[in-house]
Amino acid sequence: MNTFFCSDHSKQAGEDIIGSASNHQTYILVECPQPWLGETFNSKWVSENLRTLVEEVKQAKLPIRFLLIANSVSHKADSTTLLIYHRKDGLGNGYRKLEFKLKNIEQVATVVRRWLKNGNSDEQVETKASRDILICTHGSVDMCCARYGTPFYHQAANAVANLGINNVRIWKSSHFGGHRFAPTAIDLPEGRYYGVLDADSFNSILTRTGNITCLNKVYRGWGILSSELQVLEREIMLQHGWDWFDYKVAARIIEENLDNDTIQAELTLEKPDGELYTYQASLIKYDTKKLQIKGSCKAKQEYVFPKYAVASLSSANQKLVVHENVTQAQILEDFSLRNKS
């Protein structure tokens, strides 16, 4: 009997991975040695007070995502790194980082509770690292994260070292969604998600060089936006090129027509010089009934994941037609060709 790997299944089906980034207001990243259990915060090295805090936040339904992180020396480190990434509403280009170096993991809950109460902390430290890239290696949740994520973590760490980049840290991470896109990553402080990564696409993401169309295959979306708006953001990003990563963005759904499966959306961007642009677009849900996917290696049945495409796009200065007066079948064919090219 052949072993089923959900990442292989998704690639073979030609699934477009855009719109799969999780949307959270806050990430709380706690350095914790592996191994990690499937029930992440029941893992051996997680303190009881941290486990209690995570459960309280979950019960309160706060928009906070706790993740465990580690690197190749975490198991013998004499301190625990705590990272809090938080974003505010409105125009922005990601998250604000707070970093703490604590004596042990037992101190994490106290610092986080103080931050949740006051919104600041005098204990944070300065670091020259301006990017933290998390790669899911959580094999006890899904086999693909071990099969593809773990070797890619080492490949990514070597790439950073070989390129001489000293402001980027690569972390192993507990599960953050999207098993079937392994190897998958979050690039903070921006909060952009990537999947089915390889050496070439990762180097382009690291250095923001090369042909940006490589993101058609590996970009899961920007986690500061809802899944539908992530589709719109990718379309505009590909037109602007790598300069897009320097812009501040806000987006919203203006109107949603459930009967016709269409959405009217708006995206505003601010360039570094303060110039503002506003785009409006029609998004259409295309027929994915033939694209049934198992969301994980352990899934018992296939599922139809909703997919959207940009039907038309306009700015204050020009009309940019992406898809207009076309059938859903034609849109699906276009997306399929895009991912295979």
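The values are calculated or read from the model by the stated rules, or taken from the named source; none is laboratory data. What you see is a predicted model; the values in this text were computed from it and never measured. Methodologically, a virtual Cβ is constructed for each residue, glycine included, from the backbone with ideal geometry; neighbour enumeration extends over all protein chains shown. Each accessible area value is taken on the protein alone, full model and side chains, heavy atoms only, with ligands, DNA and RNA left out. Shrake-Rupley method; radii C 1.70, N 1.55, O 1.52, S 1.80 Å.
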#### Entry: Solvent accessible area, Å² - GLU266, 1.4 Å probe, full protein context
30
### Query
Using 1/(1 + (r/R0)^6) with R0 = 30 angstrom and r between the beta carbons of ALA299 and GLU39, what's the FRET efficiency to the nearest 0.05?
0.95
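Computed FRET efficiency, Cβ-Cβ of GLU55 and THR207, R0 51 Å: what is it to the nearest 0.05?
Values: r = 41 Å, r/R0 = 0.80.
Step by step, r from the Cβ atoms, then E = 0.80.
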### Query
Accessible area per residue, 1.4 Å probe, Å², for the chain: what's the number?
48
### Query
For the chain, the longest stretch holding no trypsin sites (Lys or Arg not before Pro) located in a DSSP loop with at most 11 other Cβ atoms within 10 Å is which?
129-288
## Note on the structure
Taking a ≥ b ≥ c as the square roots of the eigenvalues of the Cα gyration tensor, with a/c under 1.5 meaning rounded and otherwise prolate when a/b exceeds b/c and oblate if not, the range 3-118 is oblate
### Task
Compute the Cα gyration tensor for the range 206-295, then decide on rounded, prolate or oblate, letting a ≥ b ≥ c be the square roots of its eigenvalues: rounded whenever a/c is under 1.5, prolate when a/b is larger than b/c in the other cases, and oblate in all that remain.
oblate
### Task
Quick one: plug the Kirkwood hydrodynamic radius of the range 75-205 (C-alpha pairs) into Stokes-Einstein at 37 °C, 0.692 mPa s, and report D in µm²/s.
205
## Note on the structure
Of the accessible area of the chain, computed with a 1.4 Å probe and all protein chains kept, carbon and sulfur make up a percent value of 47
### Message
Please compute one quarter of the surface area of the Cα convex hull for the chain and express it in square nanometres.
### Response
18.8
### Message
Which one, GLY221, GLY139, ALA182, projects farthest toward the positive side of the charge dipole computed for the chain from Cβ point charges (K/R +1, D/E -1)?
### Response
GLY139
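Using the beta-carbon distance between THR3 and GLN264 and R0 = 41 Å, what value does 1/(1 + (r/R0)^6) give for FRET efficiency, to the nearest 0.05? Don't skip to the answer; put the middle values down first.
Numbers: r = 44 Å, r/R0 = 1.08.
About 0.40, to the nearest 0.05.
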### Message
Place a point 7 Å from the Cα of THR127 along the Cα-to-Cβ direction; which residues of the range 7-49 have their backbone N under 11 Å from it?
### Response
29-31
### Task
With only Lys, Arg, Asp and Glu charged, each at its Cβ (+1 for the first two, -1 for the last two), find how big the charge dipole of the range 72-120 is about the Cα centre; round to the nearest 20 debye.
140
### Query
LYS128: which lysines have alpha carbons under 29 Å from its alpha carbon, excluding same-chain residues fewer than 8 sequence positions away?
LYS76, LYS88, LYS97, LYS101, LYS103, LYS117, LYS172, LYS248, LYS271
### Message
Give me the base-10 log of I(q)/I(0) for the range 149-248 at each q in 0.12, 0.14 Å⁻¹, Debye formula, one uniform scatterer per Cα, rounded to two decimals.
### Response
-0.37, -0.52
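For the chain, what does -39500 (n - 2.57) per DSSP helix run (n ≥ 4), summed and divided by total residues, give at 222 nm, in deg cm²/dmol to the nearest 500? The partial results should precede the final answer.
On the way: 8 runs with 84 residues, N = 341.
Value at 222 nm, helices only, nearest 500: -7500 deg cm²/dmol.
In the chain, what percentage of the DSSP-assigned beta bridges are antiparallel, given to the nearest 5?
80
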### Task
Work out, in µm²/s and without decimals, the Stokes-Einstein translational diffusion coefficient of the range 16-81 at 37 °C, 0.692 mPa s, Rh from Kirkwood over C-alpha pairs.
246
